[in-house]
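A short write-up of the structure that comes next.
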Amino acid sequence: MSKPVLRGSTWYLKRRVPKRYASVEPRSVIWVSLKTDSYSVALQKSAGVWLSYIEGWEALLAGRDGNAAEKFRAAQQLATLRGFQFLSIDQVEQAPLEDVLRRVEATRGADGDPDEVVAAALLGAVEEPKLRLSGLVDHVEQLSAYDNRFKNSEQMRLWRYLHRSDW
């Protein structure tokens, strides 16, 4: 972890952007104000700030390269990281004009140009994926785990007996 850098009376985080994120971050070095004049507070803030950058870059990569479920999760995460709740395109259309304009302004990347992955996330252009046959078993197991969370060991033994696959 790099140490904060003092500029004037304010501490900044200065870190090189890892090569993995070069396709989604045009800058090679990140300079971010930690908005404090205290070195100890700057040290505490720097780890969280860097982690939020990493999460954002990972979400951008998933939004570009992932499958439908990964793209949807990435869109939700990107909207949250930008300070918005993820809304479907129908909900964005019904939102007040000021809110829509704030979302449009937030789609700008570090270079000032709109980022299409961020725009899709903030403007609701990413559709929620449908349940596919290949994911059905995992989905049923998640539902079963939720339904079985309060059962005791005797009830679980009986449940496993009734739901065994060799019938």
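Numerical summary
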read-out	value
Per-region count, segment 84-128, residues in contact (Cβ under 8 Å) with a residue 12 or more places away in the chain, part of a loop (DSSP other than H, G, I, E, B), open to solvent by 90 Å² or more (accessible area, probe 1.4 Å) and over 19 Å from residue 25 (Cβ atoms)	2
Complete set of residues in segment 129-141 that are surrounded by 11 or more Cβ atoms within 10 Å (Cβ to Cβ) and in a helix (DSSP H, G or I)	135, 139
Hey, residue 55 under 17 Å from the mean Cα position of the chain (by Cα), open to solvent by less than 40 Å² (accessible area, probe 1.4 Å) and either of a type outside the set (S, T, N, Q) or over 17 Å from residue 117 (Cβ atoms) (or both) or not	no
Matching residues, segment 19-69, being small (Gly, Ala, Ser) and assigned to a loop (DSSP other than H, G, I, E, B)	22, 23, 28, 38, 66
Members of segment 8-37 found to be in contact with a strand residue (DSSP E or B) (Cβ under 8 Å, 6 or more places away or on another chain), surrounded by 12 or more Cβ atoms within 10 Å (Cβ to Cβ) and small (Gly, Ala, Ser), listed by number	33
Residue match in segment 73-85 (condition: over 30 Å from residue 16 (Cβ atoms) and modelled with pLDDT of 85 or more)	yes
Any hit, segment 29-46, residues being under 28 Å from residue 73 (Cβ atoms), polar (S, T, N, Q) and free of Cβ contacts under 8 Å to residues at least 40 places away in the same chain	no
Subset of segment 146-164 [of a type outside the set (D, E, K, R), in a helix (DSSP H, G or I) and either over 25 Å from the mean Cα position of the chain (by Cα) or surrounded by 10 or more Cβ atoms within 10 Å (Cβ to Cβ) (or both)]	153, 155, 156, 158, 159, 161, 162
Breaking point among (1) open to solvent by 70 Å² or more (accessible area, probe 1.4 Å); (2) closer than 27 Å to residue 130 by Cβ, for residue 63	(1)
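The values are calculated or read from the model by the stated rules, or taken from the named source; none is laboratory data. Computed from a predicted structure; not experimentally measured. We place every Cβ from the backbone using ideal geometry, glycine too, and count neighbours over all the protein chains shown. Just the protein is used for accessible areas: all its heavy atoms, side chains included, with ligands, DNA and RNA removed. Shrake-Rupley method; radii C 1.70, N 1.55, O 1.52, S 1.80 Å.
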